[in-house]
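The values are calculated or read from the model by the stated rules, or taken from the named source; none is laboratory data. None of these values were measured; they are calculated from a predicted model. Here the Cβ positions follow ideal geometry from the backbone for every residue, glycine too, while neighbour counts run over all protein chains shown. These accessible areas exclude ligands, DNA and RNA; they are computed on the full protein's heavy atoms, side chains included. Shrake-Rupley method; radii C 1.70, N 1.55, O 1.52, S 1.80 Å.
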Amino acid sequence: MFISITRLRLRSWFFLPSFFIATGKIVKQAKESAGFVEGATFADKKLAFWTVTLWSDGAAMKVFRGQAAHKNSMPSFANWCDEGCVAHWETNESMLPYWGEINKQMVALGRPSPVKYPSVDHAAMKFPAPANGEWRTRKFKAAKST
């Protein structure tokens, strides 16, 4: 199994509606992608958003990443966000990790994503751990194949 995690922080509330629309399209694309198992988004403090997805393997995630909604949204995210980072790892687990583990892995394995207007903390990936509150999490699973 393969885990992919991201953390993005919007640089203004102004981008929130467009961000939510783009994220909705990406979640729909993931749910319909071959090899996708499940995922979750987490609305953190200060306009930061985390995503975790579980895939059958890294190749399936890379196919998803290069198609449709995800690929087309990346230039906008680079403009909307002042912080972004990503990390991936292989796992024997068949379920999503908890947010504490996700943060730990981001600190250990993460790398900054390209953004046009980086914060002073972006390159060093200095960010707080995800806030407490399961209500901040929205889980989603692969669509049923017909």
Qualifying residue in segment 100-112 (condition: of a type outside the set (A, V, I, L, M), open to solvent by 80 Å² or more (accessible area, probe 1.4 Å) and under 22 Å from ILE26 (Cβ atoms)): yes
Out of ALA30, ALA40, ALA22, ALA48, sole residue that is closer than 25 Å to PHE127 by Cβ, at pLDDT 95 or above, touching a Gly at 6+ places or on another chain (Cβ under 7 Å) and not aromatic (Phe, Trp, Tyr): ALA30
Residue count, segment 130-140 (criterion: in contact (Cβ under 8 Å) with a residue 24 or more places away in the chain and either in a helix (DSSP H, G or I) or under 15 Å from the mean Cα position of the chain (by Cα) (or both)): 6
Candidate set: segment 89-128, residues that are assigned to a loop (DSSP other than H, G, I, E, B) and of a type in the set (S, T, N, Q); chosen: the one nearest to the chain's Cα centre (by Cα): SER113
Only listed residue being surrounded by 15 or more Cβ atoms within 10 Å (Cβ to Cβ) and in contact with a Pro (Cβ under 6 Å, 6 or more places away or on another chain), chosen from CYS81, CYS85: CYS85
Considering residues of segment 48-64 that are assigned to a helix (DSSP H, G or I) and touching a residue at least 40 places away in the same chain (Cβ under 8 Å) only, the residue nearest to the chain's Cα centre (by Cα): MET61
